[in-house]
Ligand SMILES: NC(=O)c1ccc[n+]([C@@H]2O[C@H](COP(=O)([O-])OP(=O)(O)OC[C@H]3O[C@@H](n4cnc5c(N)ncnc54)[C@H](OP(=O)(O)O)[C@@H]3O)[C@@H](O)[C@H]2O)c1
């Protein structure tokens, strides 16, 4: 197949590129930088996703794995959807659980996902929405504390999450990119295999790395300043609210990864082992 990956220099998109190459696809990666590292056999298409005229020249592909710059590219969502739909047969879009209940006209990450889903649907292109739980990779934000031998500083210690490995998301997306018949729209709810509090994830990380990195809860102001210094205020607000909501309403756990891939979703302990180098100085 001829496939396109948008967000190829990122975590999930990068994993998708690897898996598509492994299965022998002819892969094009859209990257903003001409220097973003890519495997030699991957064709590079240098463009910003918000450059609609550049998108109109994209090589045709059978399927596209789309990681969208949530919030920052929202003003272009409709044009991006139209431009991609004109150049590809199927868009597998990395979305989020909360998209289902979000207002596509609202502000923040979930409304952004709801808007992109709405725009893709409007184009009539074949589409698959990977509605994901939180990423295990979010805990990479804990690495500076771990490297310094300090407690982990974060928000909503008791939020219960079903964190998912980026490789599982990519593997399901890549599997679905071969899907060429049946319903025009597919929605998959993807999660990790366990639901734990953030405090418990920090404890699991400590035990695998062999240290003691307890989770310390920050005030909203400290969290905004320390954890999201460059994020737009709307994005920070929606992250804080979303995290707190998961104390009373934990992220649900699904078996979709296992159903699609025929193997269990990857536990957090394995994610930590895969990323051990990111937590050591
Ligand atoms: N974190 C979570 O818990 C979670 C849960 C559900 C869904 N999501 C969604 O997952 C997505 C992020 O996935 P990720 O963590 O794999 O991303 P990531 O590692 O942060 O990488 C983002 C990618 O998007 C590219 N990019 C950013 N702006 C771009 C632009 N204007 N034009 C072209 N490319 C652009 C980046 O390229 P550069 O190298 O040029 O920057 C990079 O390749 C977001 O849509 C997020 O809302 C996240």
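Data for the structure
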quantity: Residues of the stretch 29-57 satisfying the condition of being touching a residue at least 12 places away in the same chain (Cβ under 8 Å), away from the ligand (no atom under 12 Å from the Cβ) and either part of a loop (DSSP other than H, G, I, E, B) or under 18 Å from residue 81 (Cα atoms) (or both); calculated: 39, 41, 42, 56
quantity: Considering residues of the stretch 22-51 that are closer than 10 Å to residue 3 by Cβ and surrounded by fewer than 17 Cβ atoms within 10 Å (Cβ to Cβ) only, the residue modelled with the lowest pLDDT; calculated: 23
quantity: Top-ranked residue of the stretch 112-132 - restricted to ones that are more than 10 Å from the ligand (Cβ to nearest atom) and touching a residue at least 60 places away in the same chain (Cβ under 8 Å), ranked as nearest to residue 72 (Cα to Cα); calculated: 121
quantity: One residue from 155, 91 being closer than 22 Å to residue 247 by Cα, buried (at least 20 other Cβ atoms within 10 Å of the Cβ) and either modelled with pLDDT under 95 or in contact with a strand residue (DSSP E or B) (Cβ under 7 Å, 6 or more places away or on another chain) (or both); calculated: 155
quantity: Exclusive hit being over 30 Å from residue 128 (Cβ atoms), within 16 Å of the ligand (Cβ to nearest atom) and out of contact with any helix residue (DSSP H, G or I) (no Cβ under 9 Å at 6 or more places or on another chain), set 230, 221, 203; calculated: 230
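The values are calculated or read from the model by the stated rules, or taken from the named source; none is laboratory data. Model, not experiment: these values are computed from the prediction. Every residue, glycine among them, receives a Cβ derived from its backbone with ideal geometry; neighbour counts consider all protein chains shown.
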